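The values are calculated or read from the model by the stated rules, or taken from the named source; none is laboratory data. Note that the coordinates shown come from a computational prediction; the quantities given were computed from them, not determined experimentally. Glycine gets a Cβ as well: all are built from the backbone with ideal geometry, and neighbour counts include every protein chain shown.
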Amino acid sequence: MKDILNARFTVEMIRTVTNMYAHGWDERNGGNVSLLLDAAELEDYGLVKTLRTIPMGFSAPSLAGKAFMVTGTGKYFKNVQYDPELNLGIIRIARNGCDAELLWGYSDGGKFTSELPAHLMSHVSRLAADPKNRVIMHCHPNNILAMSFVHKLDEREFTRSLWRMCTECMVVFPDGVSVLPWMLCGTNEIGIATAEKMRANRLTVWAQHGIYGAGRDLDETFGLIETVEKAAEIYMKIAHLPVLNTIRDDELRLIAKHFGVTPRDGYLD
Ligand code: 13P
Ligand code: ZN
């Protein structure tokens, strides 16, 4: 029997959340990650039996039968590497679409992140947009948070400000960022609102809280958030200074053309 602790996806998950902590994006229990797994592959690791059934408090019928590795609620990313089975879990969405069947992890009797609604509802949105999407990632990067206090929350303007901060931004997130105003976290309502945004693009800022990213693998999703956070850092460094130079819209168009990406419709003048 193969050991789940040596599975490629477990190792990548541990490395990713450790790195997120190292970047200062996940103080205390801040942040959560969910990774869509190949449910059939789990049999190779002996993960077939339901250890516990945990109600989710919302319904995601299109995900029935799908399995996810999900960080635990209240768990610290800095600790995941030392006890993965305590801090992570693998759940399979039950046939009724409303319960999670625990296959592994949360070994202290814990459960999945309080942000499961935003995660699973966003998986539904992203899978509809890109069947290869596997990851939803949430964290609290300092400069994205700071920017959400001093920049208008209009998502076109927010995206344009970020695109102008580094040449690579247009290449990495041509689909832009969506922005939600402050909302109570850990609720179905913020889950629904996030998933609605995630239909159009892979990044959603939660004002005065953090960011959600989506991608085909952990590296890609990490890189997406890393790039936005860097752009937000430059923005915060220069926001109070007279700006003498910028990247113009015709130059942003040139970048998009050269790298073969399509900027979000209507976001360039
Ligand atoms: P959890 O500990 O429930 O994952 O919550 C952390 C968080 O970032 C809430 O938005
Ligand atoms: Zn959070």
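With respect to Asn143, is the statement that it is in a helix (DSSP H, G or I), more than 15 Å from the chain's Cα centre (by Cα), among the polar types (S, T, N, Q) and farther than 28 Å from Ser161 by Cα true? It is false that Asn143 is in a helix (DSSP H, G or I), more than 15 Å from the chain's Cα centre (by Cα), among the polar types (S, T, N, Q) and farther than 28 Å from Ser161 by Cα. With respect to the conditions (1) acidic (Asp, Glu); (2) more than 16 Å from ligand 2 (Cβ to nearest atom); (3) within 28 Å of Ala128 (Cα to Cα); (4) surrounded by 15 or more Cβ atoms within 10 Å (Cβ to Cβ), Asp249 lacks only one, and its number is (3). Cβ-Cβ contacts under 7 Å between residues 6 or more apart (or on different chains), taken from a first residue in the stretch 194-207 that is surrounded by fewer than 21 Cβ atoms within 10 Å (Cβ to Cβ) to a second residue that is assigned to a helix (DSSP H, G or I) and hydroxyl-bearing (Ser, Thr, Tyr), are listed as Arg199/Ser125; Ala207/Ser148. Would you check if Asp38 is farther than 30 Å from Gln208 by Cα, charged (D, E, K, R), more than 21 Å from the chain's Cα centre (by Cα) and away from ligand 2 (no atom under 16 Å from the Cβ)? It is false that Asp38 is farther than 30 Å from Gln208 by Cα, charged (D, E, K, R), more than 21 Å from the chain's Cα centre (by Cα) and away from ligand 2 (no atom under 16 Å from the Cβ). Quick check: anything in the stretch 105-128 assigned to a strand (DSSP E or B) and surrounded by fewer than 24 Cβ atoms within 10 Å (Cβ to Cβ)? No, the conditions are met nowhere in the stretch 105-128. Exactly one residue among Ser161, Ser125 is touching a helix residue (DSSP H, G or I) at 6+ places or on another chain (Cβ under 8 Å), more than 21 Å from Gln208 (Cβ to Cβ) and either polar (S, T, N, Q) or free of Cβ contacts under 8 Å to residues at least 12 places away in the same chain (or both), and that residue is Ser125.
From the list Met183, Met170, the lone residue that is among the aliphatic types (A, V, I, L, M), outside any helix (DSSP H, G or I) and farther than 22 Å from Thr16 by Cα is Met183. Among the residues examined, Ser59 qualifies as assigned to a loop (DSSP other than H, G, I, E, B) and modelled with pLDDT of 95 or more.
I want to confirm something. Restricting to the stretch 58-93 and keeping residues that are farther than 12 Å from Ala39 by Cα and small (Gly, Ala, Ser), which single residue is nearest to ligand 2 (Cβ to nearest atom)? Ranking the candidates gives Gly74 first. What about Val70, is it at pLDDT below 95, at negative phi and out of contact with any Leu (no Cβ under 6 Å at 6 or more places or on another chain)? Against the criterion (at pLDDT below 95, at negative phi and out of contact with any Leu (no Cβ under 6 Å at 6 or more places or on another chain)), Val70 does not qualify.
The residues in the stretch 212-242 that are of a type in the set (Phe, Trp, Tyr) and closer than 14 Å to Met137 by Cα can be counted, and the count is 2.
How many residues, within the stretch 149-194, are within 16 Å of ligand 2 (Cβ to nearest atom) and among the aliphatic types (A, V, I, L, M)? Qualifying residue count for the region: 6. For the stretch 87-101, a tally of residues being within 14 Å of Leu51 (Cβ to Cβ) and surrounded by fewer than 22 Cβ atoms within 10 Å (Cβ to Cβ) returns 3. Which residues, counting only those in the stretch 186-196, are within 16 Å of ligand 1 (Cβ to nearest atom) and in a helix (DSSP H, G or I)? Of everything in the stretch 186-196, those that are within 16 Å of ligand 1 (Cβ to nearest atom) and in a helix (DSSP H, G or I) turn out to be Asn188, Glu189, Ile190, Gly191, Ile192, Ala193, Thr194, Ala195. Return a yes/no flag: does the stretch 175-190 have any residue that is at positive phi and in contact with a helix residue (DSSP H, G or I) (Cβ under 7 Å, 6 or more places away or on another chain). Within the stretch 175-190 (the criterion being at positive phi and in contact with a helix residue (DSSP H, G or I) (Cβ under 7 Å, 6 or more places away or on another chain)), the answer is yes, since at least one residue qualifies.
Inside the stretch 20-45, residues that are touching a strand residue (DSSP E or B) at 6+ places or on another chain (Cβ under 9 Å) and at pLDDT 95 or above make up a count of 16.
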